[in-house]
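Have a look at the structure below before the remarks.
Every number in this text was worked out from the coordinates using simple rules, so none of it is lab data. What you see is a predicted model; the values in this text were computed from it and never measured. Note that each Cβ is placed from the backbone with ideal geometry, even for glycine, and that neighbours are counted across all protein chains shown.
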Amino acid sequence: MRCKLGCDAKAVPRWNESGEVALPEPRPLADALTSRNARCVFGVLHYVLSMKQSDIFRENAENCLQLAEQAEGRPAYRRYVRMARAWTALAREQQWLDGEISPLPIKTEELA
């Protein structure tokens, strides 16, 4: 399994025989920062930090709609659609808080 940026999926927790999470062997910091996984983590952080909050909310809404399409059963489908609507509402509110949209629709007749 690989992420979108191509790192190895070795970050998935692994358990040892006693049921504890097996931590990877420590590596020197220089090696860790140049590894493919570290580049992936920094790439994901850059991707998320460079996005506007409203865009992240809209992306979450899209993810919920994709999950709704794959849902098995009507209750799960409705739950994902409700979640998508909530993320969309949060995105619109964030746009308003950021001053990107007006809180009320502007009537064009008032401007003339």
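Observations on the model:
- Geometric extent, Cα atoms of the range 52-112 - Rg, Dmax (angstrom): 15.4, 53
- Dipole axis of the range 52-112 (+1 Lys, Arg; -1 Asp, Glu on Cβ), positive-most option in 57, 99, 77: 77
- Basic side chains Lys and Arg get +1 at the Cβ, acidic Asp and Glu get -1 at the Cβ, and with that the dipole of the range 52-112 about its Cα centre reaches some 380 debye.
- Phi-based couplings in Hz for the range 70-79 (Karplus 6.51, -1.76, 1.60; Gly and Pro marked x): 8, 5, 9, x, 5, x, 5, 4, 5, 4
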